[in-house]
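J.: Take a look at the following structure, please.
The values are calculated or read from the model by the stated rules, or taken from the named source; none is laboratory data. Only a predicted model underlies this, so the values are computations on that prediction, with no experimental measurement involved. Cβ placement follows ideal geometry from the backbone for every residue including glycine, while neighbour counts extend to all protein chains displayed. Protein only, heavy atoms only, side chains kept; ligands, DNA and RNA dropped before computing areas. Shrake-Rupley method; radii C 1.70, N 1.55, O 1.52, S 1.80 Å.
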Amino acid sequence: MKITNKRFTPVAVWLFAVAMIVVSGGCKKYLDYPFRNNLQIPTDLGDLQELLDDANGAMNDSRTPSFVESSADDYFCLPERYAALNDWDKQAYIWQSYDYRYPNDWSLCYYPIYVANYCLETSKNIQRTSGNASAWDHVNGSAYFFRAYYFLMLAWTYAHAYDPASAANDKGIVLRLTSNYNDPSIRSSVSESYQQIIKDARLAAAMLPDLPIHSYRPSKTAAYGLLARTYLSMRVYDSAWHYADLALAIKSDLINYNGDPDLGTLTINYPFKRFNKETIFYTEMNITGTSSLILASRARVDSLLMSSYEVNDLRRTAYFTKSGNYYQFKGSYTQASRNFTGITTAELLLIRAECAARNGDDNAANLDKALTDLNGLLVKRYRAADFQPVTGNSKEAIIERVLMERRKELLFRGLRWMDIKRLNKEGRNIVLKRLLNEVVYTLEPHASYYALPIPKDIIEITGIPQN
């Protein structure tokens, strides 16, 4: 099955034009936007499903934020590469604010949110009946999922990490809940932002089928995975464990790096099959803005991170290729140079393992569960002939190992930036450093820059406060 949107291409153009107005926060000069009479406006459930299935143009591919990855610490840039960068990339690399404009992560995330809102509003005019219940639920569940998914991406990018002591006052994201471009853009609090994400994801889980016909489409498993991600980033570990467990009860397939139909020869470029068995929901990182910093041809993998892969760790071969004295990444689940950012069973195993370990106070059973999940993953990642299961009874040691494997497993997926933010809330005191032309640049824990700068044109048009 090929999920794309061809029937409503003219409408997609119209939606994009209106969405850009909405993304910009609404502006008086747009109130008389000239709609063309020859455009076919989607009105029935089939139409709306096709809009939500526009994976290549609007909803999935080249869509999730790259700014978070280019700001993180899994890579470095060689001086000669840095010298060739544009001004925004240069400033972003050393964590300095820059007045950048469209196109950017903000606009790319709010477009699928606009589509989701349009579908939710339009479906209200369609009565749910016994004959259309499945289609109605799928449209609405998918729309709620996409809205929650991209709200979470935006919160990870433009808001500080969730802290229950300050979340009610910390500046969050703009929660656009309608497709009306006249509605003003107002920044919600971090607390309100996460409450909306959880509300939408729960509604999605209640409406969607267990598994999709294609991983471009949302599902109940994906909604559970999204909730696990959300609660992990909030450091609500019991709820993160719960939803990871619900998702894995439905789907728990793993690729065996010792040999698998979804895996080519480890040494080739991009050995992983696209839409492989681990993929619960498929998205890709965008290729605009600061994404040029993390292109495989330019970015080099952090040397300390690289040294954490043991010689019998098959990811060392599957994920990386030598480039001069350093390594570059080739292990994307896109089967190309584009970075995969979707939800996988491996990610959920690591979430469940971390949360079990964190909930292991005076409970050896939880530590055993953490080790079972961790070893269940690693046995598929290490050379089978000499794999030694991880053992131990120290809560802190098990958490430390799970976090190390999380970083090794999930690099270049848009997750590390939020991990740094939440772990610093746990007191890890991770200090980011860049060495460039014999100058060391640092980003201290809890720095204001962890809520990345909002595009300059959005600030000008909407008047919302800058980070």
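J.: Please go through the stretch 442-462 and give me each residue that is open to solvent by less than 60 Å² (accessible area, probe 1.4 Å) and part of a loop (DSSP other than H, G, I, E, B), ordered by number. I'd like the intermediate steps shown before the answer.
T.: Keep residues of the stretch 442-462 that are open to solvent by less than 60 Å² (accessible area, probe 1.4 Å), which gives 443, 445, 447, 449-455, 457-459, 462.
Passing the criteria: P445, A447, A451, L452, P453, I454, P455.
J.: Let me ask you something else. Every residue in the stretch 152-181 that is within 17 Å of the chain's Cα centre (by Cα), touching a residue at least 40 places away in the same chain (Cβ under 8 Å) and within 23 Å of K456 (Cα to Cα), please.
T.: Across the stretch 152-181, the qualifying residues are L152, M153, L154, A155, W156, T157, Y158, A159, H160, A161.
J.: So if I check each of K251, K220, which one is within 20 Å of the chain's Cα centre (by Cα), basic (K, R) and either open to solvent by less than 30 Å² (accessible area, probe 1.4 Å) or under 20 Å from L377 (Cα atoms) (or both)?
T.: Working: K220 fails: either open to solvent by less than 30 Å² (accessible area, probe 1.4 Å) or under 20 Å from L377 (Cα atoms) (or both).
Going through K251, K220 in turn, just one is within 20 Å of the chain's Cα centre (by Cα), basic (K, R) and either open to solvent by less than 30 Å² (accessible area, probe 1.4 Å) or under 20 Å from L377 (Cα atoms) (or both): K251.
J.: Mind counting the residues in the stretch 427-441 that are free of Cβ contacts under 8 Å to residues at least 12 places away in the same chain and open to solvent by less than 70 Å² (accessible area, probe 1.4 Å)?
T.: 2
J.: Return the only residue of R416, R381 being touching a residue at least 40 places away in the same chain (Cβ under 8 Å) and out of contact with any Lys or Arg (no Cβ under 6 Å at 6 or more places or on another chain).
T.: Only one candidate qualifies: R416.
J.: Another question about this same structure. Enumerate the helices (runs of 4 or more DSSP H) found wholly within the stretch 72-133, keeping only those where 3 or more residues are without any contact (Cβ under 8 Å) to a residue 60 or more places away in the chain. Steps first, answer last, please.
T.: Details: elements: 79-83, 87-93, 105-123.
Where helices (runs of 4 or more DSSP H) fall fully within the stretch 72-133 and carry at least 3 residues being without any contact (Cβ under 8 Å) to a residue 60 or more places away in the chain, they are 87-93, 105-123.
J.: Okay, moving on. Where residues in the stretch 284-314 are within 20 Å of V402 (Cβ to Cβ) and of a type in the set (D, E, K, R), which of them is surrounded by the fewest Cβ atoms within 10 Å (Cβ to Cβ)? Write out each step before concluding.
T.: Step one: list which residues in the stretch 284-314 are within 20 Å of V402 (Cβ to Cβ), which gives 302, 304-310, 312-314.
Cutting the leftovers down to of a type in the set (D, E, K, R) gives us 302, 310, 313.
Working: D302: 18, E310: 13, D313: 19.
Going through the qualifying residues, I end up with E310.
J.: Mind counting the residues in the stretch 55-76 that are at pLDDT 95 or above and more than 17 Å from the chain's Cα centre (by Cα)?
T.: Matching residues across the stretch 55-76 total 2.
J.: Here's a follow-up. Can you find a residue in the stretch 174-193 that is basic (K, R), open to solvent by less than 40 Å² (accessible area, probe 1.4 Å) and out of contact with any Pro (no Cβ under 7 Å at 6 or more places or on another chain)? It would help to see each step written out before you state the result.
T.: Going through the stretch 174-193, the residues basic (K, R) turn out to be 176, 187.
Imposing the further condition that a residue be open to solvent by less than 40 Å² (accessible area, probe 1.4 Å) reduces the set to 176, 187.
Checking the rest, the ones that are also out of contact with any Pro (no Cβ under 7 Å at 6 or more places or on another chain) come to 176.
Within the stretch 174-193, one or more residues are basic (K, R), open to solvent by less than 40 Å² (accessible area, probe 1.4 Å) and out of contact with any Pro (no Cβ under 7 Å at 6 or more places or on another chain).
J.: Please work out which one of (1) open to solvent by 60 Å² or more (accessible area, probe 1.4 Å); (2) more than 20 Å from the chain's Cα centre (by Cα); (3) among the hydroxyl-bearing types (S, T, Y) is the condition T317 fails and give its number.
T.: Among (1) open to solvent by 60 Å² or more (accessible area, probe 1.4 Å); (2) more than 20 Å from the chain's Cα centre (by Cα); (3) among the hydroxyl-bearing types (S, T, Y), T317 violates only (1).
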